[in-house]
1. Just the number, please: carbon plus sulfur as a percent of the accessible area of the stretch 77-148, 1.4 Å probe, no ligands or DNA/RNA counted.
2. What do you reckon, how do His170, His268, His54 stack up by accessible area (1.4 Å probe), largest on top?
3. Once neighbouring chains are kept in place and the probe is 1.4 Å, which whole percent of the accessible area of the stretch 153-254 is contributed by carbon and sulfur?
4. Please state, as a whole number in µm²/s, the translational diffusion coefficient that the Stokes-Einstein equation yields for the stretch 86-156 at 37 °C and 0.692 mPa s, with Rh defined as the Kirkwood radius across alpha carbon pairs.
5. What net charge do the residues around Thr230 carry, taking every other residue with its C-beta under 11 Å from that of Thr230, with Lys and Arg at +1 and Asp and Glu at -1?
6. What does the accessible area per residue of the stretch 136-282 come to in Å², with a 1.4 Å probe and no ligands, DNA or RNA counted?
7. Using 0.36 nm times the number of residues separating Ala185 and Ala239, minus their current alpha carbon distance, what extension gain do you get?
8. Of all the Cα-Cα pairs you can form in the stretch 128-282, what percent are over 22 Å apart?
Amino acid sequence: MPEMRTTPQHRRRAAPARHRWCRLLVAGGLIAAFSGAVIGTAHADPDALWTIVHDRCVPDQQQYGYPAPCAWVNLSSGKQNGYAVLKDIVGSTQYLLIPTSRITGIESPAILAPDATNYFAAAWRARYFVDERAGRSLPRDWVSLAINSEMGRSQNQLHIHIDCIRADVHEELTQHAAEIRANWAPFPIPLADHRYSAIAVNGDDLDAVNPFTLLADGIAGARTDMGLETLVVVGAVGADGQAGFIVLASHADAPAGDAATGEELQDHTSCPPPATSPLTPS
């Protein structure tokens with residue numbers, strides 16, 4: 001989304017100088033607290049993300065036009081339909097897309113409402129923040145979006161992880177891309193030792209396709225048990241050269257030790273340069 005490429009300078013101009021350093025100092029403390037929530041143990045605060053967005057990012061955007069500690073807050077359709085983009089403390093390039101309304105996670109009926117914000121579409125547009133951190137424009141087939149199941153998450157506020165796909169997963173998707181069709185089917189091999197279903201989607205963006213709805217309507221039983229589902233979206237290039245996506249889904253299996261954590265397919269340590277051909281689903 002073009003405006004995201006220019007917003008860092010815009011935000012710096014919009015923030016009153018006397019408030020800017022104060023806000024950044026506060027942001028440092030909040031991000032440190034968030035770090036504990038993400039990598040902590042049983043005592044982690046499951047509402048840390050919501051607190052950061054609701055108590056700091058949104059008020060700072062509304063009052064100062066500078067959404068610290070978030071990188072971006074979009075309230076153009078109102079707070080109820082808005083979202084924030086926050087740099088995750090884990091990894092050099094990972095960002096999170098977080099609704100500005102209270103939505104606990106993938107199990108919330110709000111994400112399937114007819115007028116629901118397409119948070120995956122917004123997360124795909126926010127990939128430019130990952131580009132900025134990586135220092136280059138990343139090929140679409142190295143960028144991924146992931147949301148964990150209710151079992152596999154640490155935070156009780158919906159958030160989509162935006163980061164590079166793991167190199168080994170990229171290679172496996174490339175090798176089997178021709179087997180991915182325009183309908184849900186089991187992916188031929190495990191990814192990160194877990195079984196996924198896959199579907200190919202056409203389009204340069206996700207504005208016309210909501211992966212939440214795609215999952216709920218396309219996989220038997222998913223709509224009534226969304227809390228046990230995980231979703232991963234990976235950019236792709238079709239065999240005809242047209243842009244598209246590979247959407248992956250998996251279902252939690254507690255007895256098997258599978259918490260349906262799609263984030264496992266992402267690389268939070270680095271964004272490797274492309275070493276294979278673009279993903280080309282049929």
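The values are calculated or read from the model by the stated rules, or taken from the named source; none is laboratory data. Not measured: the values here are computed from a predicted model. Virtual Cβ from ideal backbone geometry, glycine too; neighbours counted across all protein chains shown. Keep in mind that these areas ignore ligands, DNA and RNA; they rest on the heavy atoms of the full protein, side chains included. Shrake-Rupley method; radii C 1.70, N 1.55, O 1.52, S 1.80 Å.
1. Details: 1170 of 2310 Å².
Roughly 51 percent, rounded to a whole number.
2. Values: His170 0, His268 35, His54 65 Å².
The ranking, largest first, comes out as His54, His268, His170.
3. Working: 1940 of 4050 Å².
Answer for the stretch 153-254: carbon and sulfur cover 48 percent of the accessible area.
4. On the way: Rh = 13.6 Å.
It comes out at roughly 241 µm²/s.
5. Details: positive: Arg153; negative: Glu150, Glu229, Asp258, Glu263, Glu264.
Once all neighbours under 11 Å are counted, the net charge is -4.
6. Numbers: 5880 Å² over 147 residues.
That works out to 40 Å² per residue.
7. Working: separation 54, 0.36 × 54 = 19.44 nm, distance 1.89 nm.
So the chain would gain 17.6 nm between Ala185 and Ala239.
8. Tail fraction, whole percent: 36.
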